[in-house]
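This report refers to the structure that appears directly beneath it.
The values are calculated or read from the model by the stated rules, or taken from the named source; none is laboratory data. What you are looking at is a predicted structure, and each value in this text was computed from that prediction instead of being measured. In this analysis, Cβ positions are derived from the backbone assuming ideal geometry, glycine residues included, and neighbour counts consider all displayed protein chains.
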Amino acid sequence: MKKMILFGVGALLLLVAAFIGYTVLVGNKRSPRDTAEFNQDGLAVKVVYCRPYKKGRLIFGEKAAGALVPYDTYWRLGANAATSITFGQSVRFAGKPVSAGTYRMYAIPGATTWKVVLNSELDRWGAREPSHDKDVVTVEVPVTVAPSSTEQFTIQIASQSSGAPGGASLDLGWDTTLVRVPLAAN
C-alpha cells in the first residue's frame with residue numbers, strides 16, 4: 001500500500017515538474033520575458049513582463065467579436081507571469097502618489113480609456129486575478145491610436161517631452177493601441 005501511495009505522489013510530482021518545464025521552455029518562447037528600465041532625473045522605474053505576439057488576432061475589442069483581450073475585463077499586461085513594476089523612490093503615477101517598492105501591475109482595457117492598477121499582491125502567477133482589496137492605486141488614462149501597428153506587446157518608459165525634470169511616460173502598446181501613464185518623481 002505504501003508503495004502505491006509513493007508511486008502516486010511521485011507521478012504527481014513528475015507531472016507538476018513537466019508542466020513547469022513546458023511553461024518555462026515553450027511558453028516563454030511564444031511570449032518572451034522582457035524588462036523596461038528608466039533611471040533619469042531622480043526617477044528610477046523597472047517593469048518586468050512577458051511579450052505576446054499579435055499573430056493576426058483581434059487584440060482589444062468586444063468579447064463577442066473574439067478579442068484576445070476583451071474590453072472591461074482584467075488583463076495582466078502581457079502573458080505568462082504577472083507584470084511587475086518597481087519604483088526606486090516615491091512617485092506620482094498618473095498624478096496619484098505611490099510609495100517606493102514593487103507592485104503587480106494590471107489593466108482593465110476599454111475602448112476609449114484604460115484603468116491601470118497597481119496591486120501589492122505579488123505571489124500570484126499567471127492569469128489569475130489578484131485580490132482587489134490589495135489594489136494600491138487605480139488610474140484611468142486615455143487610449144490613443146498608435147501611428148503604426150505593433151506586432152508584439154511592448155512596454156516602454158520614455159522621458160516626457162515637456163522638459164520638466166523627473167518626468168516620464170509608461171507607454172503600453174500593442175496592435176494599434178497606445179496607452180500612456182504619466183510618471184513623475186515625488
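Conditions tested, residue by residue: (1) touching a residue at least 60 places away in the same chain (Cβ under 8 Å); (2) assigned to a strand (DSSP E or B); (3) in contact with an Asp or Glu (Cβ under 7 Å, 6 or more places away or on another chain).
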residue: Glu37; (1), (2), (3): yes, yes, no
residue: Lys46; (1), (2), (3): no, yes, yes
residue: Arg57; (1), (2), (3): no, no, no
residue: Ala64; (1), (2), (3): no, no, no
residue: Ala67; (1), (2), (3): no, no, no
residue: Thr73; (1), (2), (3): no, no, no
residue: Asn80; (1), (2), (3): no, no, no
residue: Thr86; (1), (2), (3): no, yes, no
residue: Gln89; (1), (2), (3): yes, no, no
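Listed conditions (1) assigned to a strand (DSSP E or B); (2) surrounded by 15 or more Cβ atoms within 10 Å (Cβ to Cβ) are all met by Pro147, apart from (2).
Could you go through the stretch 80-96 and let me know if any residue there is under 18 Å from Thr138 (Cα atoms), surrounded by fewer than 20 Cβ atoms within 10 Å (Cβ to Cβ) and among the aliphatic types (A, V, I, L, M).
First pass over the stretch 80-96, keeping only residues under 18 Å from Thr138 (Cα atoms): 82-87, 90-96.
Applying the additional criterion that residues be surrounded by fewer than 20 Cβ atoms within 10 Å (Cβ to Cβ) yields 84, 86, 90, 92, 94-96.
Keeping just the survivors that are among the aliphatic types (A, V, I, L, M) gives 94.
Yes - at least one qualifying residue is present in the stretch 80-96.
From the list Ala127, Ala185, the lone residue that is small (Gly, Ala, Ser) and either modelled with pLDDT of 95 or more or surrounded by fewer than 16 Cβ atoms within 10 Å (Cβ to Cβ) (or both) is Ala127. Collect the residues in the stretch 45-67 that are surrounded by 14 or more Cβ atoms within 10 Å (Cβ to Cβ) and over 24 Å from Leu122 (Cα atoms), keeping them in residue-number order. Matches in the stretch 45-67: Tyr53, Lys54, Leu58, Ile59, Phe60, Gly61, Ala67.
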